[in-house]
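Notes follow once the structure below has been shown.
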Amino acid sequence: MKKIRKAVIPVAGLGTRFLPATKAIPKEMLTIVDRPTIQYIVEEVVASGIDEVVLITSEGKSAIENHFDYDFQLDTVLNEKNKYQLREELNNISNLIDIVSVRQKKPLGLGHAIWMARNVIGNEPFMVLLGDDLVRSEIPCCKQMIDLYNNVQQSIVAIQRVPMDQTNQYGIVEGNPTEFERTYMVENMVEKPAPGTSKSDMAIIGRYLLMPEVFDFLEKTQPGHGGEIQLTDALVQLANKGGMYAYEFEGNRYDAGDKLGYLKAVVDFAMQHQTLGESFREFICSVCDESE
Ligand code: G1P
């Protein structure tokens with residue numbers, strides 16, 4: 001059985017849902033409490049035992065690479081000012097994990113973005129984590145999926161149940177329960193079904209564990225929903241050929257690329273924060289009392 005060693009994180013998207021905040025900075029650099037959203041994703045990868053991250057980037061995204069890089073000037077200044085703890089914190093970020101970047105030169109869709117990683121991934125199963133989807137959970141979502149993979153050794157997509165009137169915002173999975181808890185065998189998938197047409201409420205969230213054969217399908221996938229090359233369309237074929245599981249992960253998931261989803265993530269992560277959590281919870285309670 002091949003170990004999951006690499007994770008692809010596509011970060012090439014423009015972030016139009018979050019304008020004007022994302023006009024000059026990548027959406028992945030928006031802060032949740034004290035860290036940019038992308039750091040939560042990379043920390044999830046590290047906590048799941050993965051060795052290497054492949055970022056799929058585009059023009060204007062260098063702030064993400066810089067965030068995980070070593071900053072000689074900053075390190076020297078912090079050292080001179082005896083700010084050792086902060087210095088260590090920053091050095092820890094640059095030592096988190098090996099990062100490779102691949103440029104997606106044209107915005108042809110999520111499927112195309114993942115296909116750009118084919119040479120770096122090679123012939124082994126790998127994770128995909130979408131930067132917009134933040135999951136707060138006891139066991140990292142990515143780790144939950146790797147644990148399942150160790151039993152089933154097949155591709156897995158993470159899902160959550162959504163209200164039927166929101167199914168048009170997601171890739172939707174149809175499937176049947178299996179012997180494993182919270183797990184379904186995928187029968188079909190549809191990318192963002194038209195309102196009222198979805199046969200299921202199981203929505204794909206941005207965590208995938210994929211067999212390398214997905215690249216063969218991605219290579220032949222034609223533009224689909226929204227005129228883009230959709231990952232979901234290639235996954236339908238991968239599921240038909242090799243089988244695929246849908247896994248209802250345990251945890252809270254937030255769409256941090258959406259204004260309301262982002263605010264919810266900030267509040268949830270702030271309430272759980274080690275040093276700020278208690279004061280923040282008190283503050284939230286007082287605001288709720290006032291508004292009653
Ligand atoms: C992408 C996928 C979709 C999935 C969603 C989860 O869509 O194409 O299948 O349900 O991520 O966040 P996007 O939100 O990038 O349009």
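The values are calculated or read from the model by the stated rules, or taken from the named source; none is laboratory data. What you see is a predicted model, and the numbers here were worked out from it, not measured in a lab. Neighbour counts are summed over all protein chains in view; Cβ atoms, including those assigned to glycine, are modelled from backbone coordinates with ideal geometry.
Structure data summary
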| quantity | calculated |
| --- | --- |
| Residue selected from the stretch 12-26 under the condition of a type in the set (A, V, I, L, M) and more than 12 Å from the ligand (Cβ to nearest atom), by the criterion surrounded by the fewest Cβ atoms within 10 Å (Cβ to Cβ) | Ala24 |
| Qualifying residue in the stretch 59-80 (condition: within 25 Å of Asp147 (Cα to Cα), of a type outside the set (Lys, Arg) and out of contact with any Leu (no Cβ under 9 Å at 6 or more places or on another chain)) | no |
| Top-ranked residue of the stretch 217-226 - restricted to ones that are in contact (Cβ under 8 Å) with a residue 60 or more places away in the chain, over 16 Å from Val157 (Cβ atoms) and outside any loop (DSSP other than H, G, I, E, B), ranked as farthest from the ligand (Cβ to nearest atom) | Glu219 |
| The listed residue being more than 17 Å from the chain's Cα centre (by Cα) and of a type outside the set (Lys, Arg), out of Gly60, Gly49, Gly15, Gly111 | Gly60 |
| Residue list for the stretch 260-279, filter: farther than 28 Å from Ile205 by Cα and not in a loop (DSSP other than H, G, I, E, B) | Glu278, Ser279 |
| Whichever residue in the stretch 183-196 is more than 15 Å from the ligand (Cβ to nearest atom) and in contact (Cβ under 8 Å) with a residue 12 or more places away in the chain and, among such residues, is farthest from the chain's Cα centre (by Cα) | Pro195 |
| Flag if Ile56 is crowded, with 23+ Cβ neighbours inside 10 Å and in a helix (DSSP H, G or I) | no |
| Qualifying residue in the stretch 188-201 (condition: at positive phi and at pLDDT below 95) | yes |
| Selected residue (criterion: surrounded by the fewest Cβ atoms within 10 Å (Cβ to Cβ)) from residues of the stretch 117-146 that are among the charged types (D, E, K, R) and within 15 Å of the ligand (Cβ to nearest atom) | Asp133 |
| Residue in the stretch 148-171 that is on the phi > 0 side of the Ramachandran plot and in contact with a helix residue (DSSP H, G or I) (Cβ under 9 Å, 6 or more places away or on another chain) present | no |
| So Ile64, is it surrounded by 12 or more Cβ atoms within 10 Å (Cβ to Cβ), in a loop (DSSP other than H, G, I, E, B) and of a type in the set (A, V, I, L, M, F, W, C) | no |
| Residue list for the stretch 254-284, restricted to those being surrounded by 16 or more Cβ atoms within 10 Å (Cβ to Cβ), touching a residue at least 60 places away in the same chain (Cβ under 8 Å) and of a type in the set (A, V, I, L, M, F, W, C) | Ala256, Ala265, Val266, Phe269, Ala270 |
| Residue list for the stretch 228-259, filter: within 16 Å of the ligand (Cβ to nearest atom), at pLDDT below 95 and part of a helix (DSSP H, G or I) | Lys259 |
| Enumeration of residues in the stretch 27-53 that are in a loop (DSSP other than H, G, I, E, B) and either among the basic types (Lys, Arg) or surrounded by 16 or more Cβ atoms within 10 Å (Cβ to Cβ) (or both) | Leu30, Val33, Ser48, Ile50 |
| Subset of the stretch 135-170 [under 21 Å from Ala256 (Cα atoms) and among the aromatic types (Phe, Trp, Tyr)] | Tyr170 |
| Helices (runs of 4 or more DSSP H) within the stretch 82-132 that include 3 or more residues modelled with pLDDT of 95 or more | 110-115, 118-121 |
